[in-house]
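Asks: The following block contains the structure, expressed as structure tokens.
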Amino acid sequence: MGDDVETKPVLYSYWRSSCSWRVRIALNLKEIPYDIKAVSLIKGGGEQHCNEYREVNPMEQVPSLCIDGHTLVESLNIMHYLEETRPNQRPLMPQDCFKRAKVREICEVISSGIQPLQNLIVLIYVGEEKKKEWAQHWITRGFRAVEKLLSACAGKYCVGDEITLADCCLVPQVFNARRFHVDLRPFPIILRIDRELENHPAFRAAHPSSQPDCPPEVAK
Ligand SMILES: O=C(O)/C=C\C(=O)CC(=O)CC(=O)O
């Protein structure tokens with residue numbers, strides 16, 4: 001193994017970014033030690049837009065992960081890379097092809113169908129006055145689909161009784177739903193799975209309030 005492989009991975013992360021949080025959970029579950037380089041999405045209009053970071057991530061978003069001598073962007077891509085390169089370190093995808101498809105389905109609904117519609121860049125464009133209603137609308141619409149899908153595939157967790165990448169996506173999205181005061185009562189399965197995972201050590205350590213860049217007045 002070369003030096004690159006032995007270097008500790010670096011995650012460019014923002015404490016409250018749900019996409020960074022997904023990857024933090026996956027790294028923690030797989031017990032991959034990593035350092036965090038905090039990128040403030042709000043300081044000075046957003047450090048993600050500076051020239052230096054654009055070289056790391058041309059989408060000017062977090063997360064990005066430097067690992068195994070490579071730099072990777074896009075949270076789901078990163079999580080699949082971790083899974084493919086470290087399949088035996090706490091697998092986060094089921095063996096069964098159909099179950100794998102169900103995991104990807106839930107990941108996709110959240111990562112393409114919900115989160116991008118309520119991320120910072122879109123809410124700034126929508127404007128202060130409309131942003132809460134906008135976020136509530138799209139999260140509620142997406143959660144209706146997630147709840148329906150889960151009614152067919154959930155066990156203890158999103159797909160069966162093992163934690164998968166779908167759970168890594170769900171928990172941060174529930175946090176965002178609460179942040180925008182979405183009424184979660186119509187989604188009992190989502191709430192049950194979120195409760196199931198809230199005290200899991202890998203999920204707790206990845207929580208925004210446990211991050212080095214979490215403002216002290218918010219940190220637990
Ligand atoms: O207000 C802030 O602190 C800035 C950014 C975020 O929380 C993260 C997002 O834009 C949305 C998301 O993670 O889904």
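Asks: For the residues V126, V182, what sequence is obtained by ranking on other C-beta atoms within 10 Å, fewest first?
Replies: Ascending Cβ contact count within 10 Å gives the list V126, V182.
Asks: A follow-up question, please. Mind checking which lysines have their C-alpha under 26 Å from K132, skipping anything on the same chain fewer than 8 residues away?
Replies: Output for K132: K43, K148, K220.
Asks: Based on the alpha-carbon gyration tensor of region 102-220 and its eigenvalue square roots a ≥ b ≥ c, which shape applies: rounded if a/c is under 1.5, prolate if not and a/b is larger than b/c, or oblate?
Replies: Verdict is oblate for region 102-220.
Asks: With the contact rule set at Cα under 8 Å and sequence spacing of 6 or more, what percent relative contact order holds for the chain?
Replies: 24
Asks: On to the next question. What nm value, rounded to one decimal, do you get for the distance between Q89 and E60 when each label is placed 7 Å out toward the C-beta?
Replies: 3.3
Asks: Distance from the Cα centre of region 2-67 to that of region 129-152, in angstrom?
Replies: Spelled out, the Cα-based centre of one part sits 27 Å from the other.
Asks: Within a Cβ distance under 11 Å of V39, other residues only, what is the Lys/Arg minus Asp/Glu net charge?
Replies: On the way: positive: K37, K43; negative: E47, E52, E60, D213.
With Lys, Arg at +1 and Asp, Glu at -1, the net is -2.
Asks: Still on this model: Are there GluC sites (Glu not before Pro) in region 29-82 that DSSP marks as loop and that have at most 10 other Cβ atoms within 10 Å, and which are they? Write down the numbers at each step before the final one.
Replies: Values: sites: E31, E47, E52, E55, E60, E74; in loops: E31, E60, E74.
Filter output for region 29-82: E31.
Asks: Rounded, prolate or oblate for the chain? Axes are the square roots of the Cα gyration tensor eigenvalues, ordered a ≥ b ≥ c, and the cut-off for rounded is a/c under 1.5.
Replies: oblate
Asks: Among V23, V73, which comes first, then next, by fewest other beta-carbon atoms within 10 Å? Walk me through the intermediate numbers first.
Replies: Values: V23 29, V73 16.
Neighbour counts put them in this order, fewest first: V73, V23.
Asks: When 1/r is averaged over all different Cα pairs and the result inverted, which Kirkwood radius in Å belongs to region 27-141? Write down the numbers at each step before the final one.
Replies: Numbers: mean 1/r = 0.0609 Å⁻¹.
About 16.4 Å for region 27-141.
Asks: Rounded to two decimals, what ratio of Rg to Rh does region 11-90 give with C-alpha atoms and a Kirkwood Rh?
Replies: On the way: Rg = 12.4 Å, Rh = 12.8 Å.
Reported Rg/Rh, Kirkwood definition of Rh: 0.97.
Read the figures in this text as sums done on the coordinates, not as results from a lab. Keep in mind the model is a prediction, meaning the values are calculated, not measured. All Cβ positions, even for glycine, are placed from backbone atoms using ideal geometry, and neighbour counts span all protein chains on display.
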